[in-house]
Every structure is written in structure tokens, then in C-alpha cells.
Amino acid sequence: METPIIFWILFNAFVLLMLALDLGVFHRNSHEVTVKEALVWTLVWIALAMAFNVVLYYWRGPQQAMEYFTGYLVEKALSVDNIFVFIMVFGYFQVPSRYQHKILFWGILGALIMRVIFIFAGVALIERFHFTIYVFGALLLYTAYKMLMHSDVQIEPEKNPVLKLAKRFLPVTQSMHGDRFFVKSDGKRMATPLFLVLILIETTDLIFAVDSIPAILAITQDQFIVYTSNVFAILGLRSLYFALAGVVHRFWLLNYGLAVVLAFVGVKMLIVDLYKIPIHWSLTFIAITITASVLLSLKIKKKEK
């Protein structure tokens with residue numbers, strides 16, 4: 001279903017307004033985000049996402065609303081992997097808590113731009129070259145296999161090629177300068193370690209996008225549904241990070257649950273020309289799998305190696 005351009009404009013205007021309020025009003029000054037504040041913002045973003053789901057229900061009908069909700073659920077669950085990465089990157093570079101929100105703000109803004117490119121490119125490829133859907137399905141199965149075999153998220157900043165390139169061509173200060181990404185020293189413009197952190201956040205999200213975009217394209221190829229569900233999932237990622245950073249390690253079985261979900265949507269793409277799995281079956285399976293992996297994680301303690 002084609003979405004009139006006015007709805008794209010209105011939705012993006014709403015997103016820009018919320019981002020402006022976030023950084024320009026509520027987080028104008030760098031400060032340490034408390035768990036209470038993070039939980040409030042997490043609930044706000046979830047409420048906005050669900051309110052938009054209701055709008056879709058009465059505007060587009062129950063099928064489109066269910067596709068949006070399924071996509072949002074998948075993207076929200078996959079974003080937990082981003083939280084593991086945030087924790088490790090901030091710990092590696094010893095980024096003070098009060099500066100983390102600003103980094104995530106600009107990092108997620110960059111992530112939104114990259115997701116738009118991936119979404120439109122992915123949908124265009126599937127529409128023009130139908131066999132691409134099988135490539136995406138195989139990619140998801142491979143990703144699911146990797147997650148099952150290596151459930152622990154690992155990151156090695158010193159081996160990141162983009163970071164190496166940035167260090168080679170950008171003069172970098174030895175220490176941080178508040179929450180600034182660039183400073184002038186002896187008349188020379190230099191990047192700060194915070195800018196390197198931002199680069200690392202952006203490049204790792206690019207890797208995650210390679211997995212998450214095909215996953216939601218298995219649910220729907222409606223660009224507006226894919227885009228809006230992605231945007232709401234990503235916009236709530238910062239507050240979710242601050243709310244779960246201290247306890248996310250307890251969800252140790254979630255990676256296995258996500259692997260099962262990715263395998264399911266991968267198979268769904270591979271058999272789409274033989275049998276199209278109804279969206280309500282997909283939603284039920286995904287919701288049960290994610291919920292079960294979270295509850296079992298809390299009930300069963302991970303054995304320490």
C-alpha cells in the first residue's frame with residue numbers, strides 16, 4: 001500500500017520534534033541519567049509506539065497494525081544486543097555516565113539515517129529482484145547460527161577498521177574535554193576520545209542493521225510500516241539502555257531466543273513462494289519465544305565458566 005507523502009512528512013516532523021525536545025530541553029546539560037528517569041522515558045516511548053499502533057489499526061486496518069506490532073517487537077528485542085555493546089564500549093573507553101546520553105543521542109540519530117537507507121534499498125531489491133528475498137533468508141539463518149554458537153556479545157575496539165582509519169587521519173586528544181567531540185588545541189582542531197566512541201557506536205549499529213532490516217522485511221515489505229516500527233524501536237533504545245544497563249546481563253538466554261526468532265523469520269523468507277505464514281502466527285511465535293527466553297533467564301542462573 002502506497003503511503004501519501006504527507007504522512008511521511010508528518011511522521012518525520014514528529015520524530016524531529018521529539019528529538020529536539022529530548023536534547024534541547026530535557027537533556028540540555030549533560031547529567032547522569034537515573035534508573036527512574038530512564039524507566040519513565042522508556043514507558044513514554046513504548047506508549048507513543050502503541051498509540052501509533054492504534055492509529056494504524058483504524059487507518060490501515062488490523063493486518064497492517066499487526067505487521068507493525070510484530071516488526072516493533074522484533075526490533076525492540078534485537079536492540080538488546082545494542083545495549084550489550086554500549087556497556088562494553090563505554091566501559092572500554094571509561095566514558096563517564098553523564099556523557100553517555102549525548103553519545104547515544106547522536107549515535108541513534110546516525111542509526112536512523114542508516115536504517116532509512118537500508119530499508120528503502122532492501123525493499124527496492126526485493127521488488128526488483130525477487131530472488132533477493134532468499135539471500136536475506138539465508139543471511140538470517142547464518143546470523144541465527146552464529147548467535148547460537150557464540151551467544152556472548154564480544155567487541156574489540158582496537159581491531160575495528162573504521163576506528164583505525166579515524167585514528168590515522170584524525171588528530172585525537174589524549175584526554176576527554178567534557179562532552180565535546182572536537183576541541184581546538186594550539187590552533188589545531190582535534191577530535192576527542194568521545195568522538196571515537198561515537199564512531200564505534202555507529203559502526204557496530206551498521207552491523208546490527210544488516211541483521212535487523214532483513215528480519216523485519218520478512219514480516220512486511222511496506223516501507224512505511226518497516227520505517228515507523230524501526231524508528232520507534234530505536235528512539236526508545238537510549239532510555240532502555242539506562243534502565244537495563246545494570247541488569248541486562250541477567251537475560252543470558254535472550255540471545256538464544258533471538259537466534260530462534262531470526263531462524264524462524266529466515267525460514268519464513270525462504271518458503272514465502274511455497275507457503276506464506278499468517279502474520280498472527282508469526283506474532284504469537286515471536287512473542288512467546290522472546291517472553292520465554294526472558295523469564296527462563298531470570299529463573300535459571302547462568303553457570304560461570
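Each value in this text was obtained by applying a stated rule to the coordinates, not by laboratory testing. All figures in this text were calculated on a predicted structure; none of them were measured in a lab. No Cβ is skipped: glycine too gets one built from the backbone with ideal geometry, and neighbour counts run over all protein chains shown.
Can you work out the Karplus-derived ³J(HN,Hα) for every residue in segment 108-120? Use 6.51 cos²θ - 1.76 cosθ + 1.60 with θ = phi - 60°, whole Hz, and x for glycine or proline.
So the J values, rounded to whole Hz, are 6, 5, x, 5, 4, 5, 5, 5, 4, 4, 5, 4, 5.
In whole Hz, with x marking every Gly and Pro, tabulate ³J(HN,Hα) for segment 275-283 from phi via Karplus 6.51 cos²θ - 1.76 cosθ + 1.60, θ = phi - 60°.
Karplus-based 3J(HN,Hα) across segment 275-283 equals 7, 9, 5, x, 5, 5, 5, 4, 4 Hz.
Find how much the distance from residue 276 to residue 190 grows on full extension, using 0.36 nm per residue of separation minus their present alpha carbon separation; answer in nm with one decimal. Each step should come with its number before you reach the end.
On the way: separation 86, 0.36 × 86 = 30.96 nm, distance 5.39 nm.
Net length gain for the segment: 25.6 nm.
Can you check how the C-alpha radius of gyration of the chain compares to 2.2 N^0.38 Å, as a plain ratio? Mind showing how you got there, number by number?
Numbers: Rg = 19.8 Å, N = 305, 2.2 N^0.38 = 19.3 Å.
It is 1.02.
Whose amide H sits under 5 Å from the amide H of residue 253, counting only residues 5 or more places off or on another chain, with H placed in the peptide plane?
When sequence neighbours closer than 5 places are left aside, the close amide H contacts are 297.
With runs of 4+ DSSP H residues as the only contributors, calculate the mean residue ellipticity of the chain at 222 nm using -39,500 (n - 2.57) per run, divided by the residue total and rounded to the nearest 500. Let's see the in-between values first.
Numbers: 11 runs with 217 residues, N = 305.
So the helix-based figure for the chain works out to -24500 deg cm²/dmol.
Given points 7 Å out from each Cα along the Cα-Cβ axis, report the residue 106 to residue 138 separation in nanometres with one decimal.
My value for the distance between the label points is 4.0 nm.
Taking the alpha carbon gyration tensor of segment 87-235, what are the square roots of 5 times its eigenvalues, largest first, to the nearest whole Å? If you can, show how the numbers build up before the last one.
On the way: eigenvalues 225, 59, 41 Å².
Equivalent-ellipsoid dimensions as semi-axes: 34, 17, 14 Å.
Work through the residues other than residue 191 whose Cβ is under 10 Å from its Cβ and net out their charges, Lys, Arg +1 and Asp, Glu -1. Can you show the working numbers first?
On the way: positive: 167, 180, 189; negative: none.
Cβ neighbours under 10 Å give a net charge of +3.
So what's the gap between the Cα centers of segment 60-107 and segment 165-211, to the nearest angstrom?
21
Would you kindly state how much longer the chain becomes between residue 128 and residue 288 on full extension, computed as 0.36 nm times their sequence separation minus their alpha carbon distance, in nm to one decimal?
Numbers: separation 160, 0.36 × 160 = 57.60 nm, distance 3.41 nm.
Going from the current span to full extension adds 54.2 nm.
How do 98, 189 line up, fewest other C-beta atoms within 10 Å first?
Details: 98 14, 189 10.
Listed from fewest to most nearby Cβ atoms, that is 189, 98.
Expressed as an acute angle from 0 to 90° and rounded to the nearest 10, what is the orientation of the C-alpha long axis of helix 62-92 relative to the principal long axis of the chain?
Roughly 30 degrees, rounded to the nearest 10.
To the nearest 10 degrees, how steep is helix 5-21 against the longest Cα principal axis of the chain, on a 0 to 90 scale?
With both axes taken from Cα atoms, the answer is about 40 degrees.
Could you put 256, 92 in order, starting from the residue whose Cβ has the fewest other Cβ atoms within 10 Å?
On the way: 256 17, 92 14.
The fewest-first ordering by Cβ neighbours comes to 92, 256.
Please state, as a whole number in µm²/s, the translational diffusion coefficient that the Stokes-Einstein equation yields for segment 191-284 at 25 °C and 0.890 mPa s, with Rh defined as the Kirkwood radius across alpha carbon pairs. The partial results should precede the final answer.
Working: Rh = 15.7 Å.
Estimated via Stokes-Einstein, D reaches 156 µm²/s.
Exposure proxy check: 11, 224 ranked by fewest other beta carbons within 10 Å? Walk me through the intermediate numbers first.
Numbers: 11 16, 224 20.
The most exposed by this proxy come first: 11, 224.
Roughly what would the spin-label model give for residue 10 and residue 298, points 7 Å off Cα along C-beta, in nm?
Taking the simple label geometry, residue 10 and residue 298 are separated by 3.8 nm.
For segment 234-243, what does the Karplus curve 6.51 cos²θ - 1.76 cosθ + 1.60, with θ = phi - 60°, yield as ³J(HN,Hα) per residue in whole Hz, taken in order and with x for Gly and Pro?
Taking θ as phi minus 60°, the curve returns 6, 4, x, 5, 4, 5, 5, 4, 5, 6 Hz for segment 234-243.
So what's the angle, to the nearest 10 degrees on a 0 to 90 scale, between helix 254-270 and the longest Cα principal axis of the chain?
Approximately 50 degrees, to the nearest 10.
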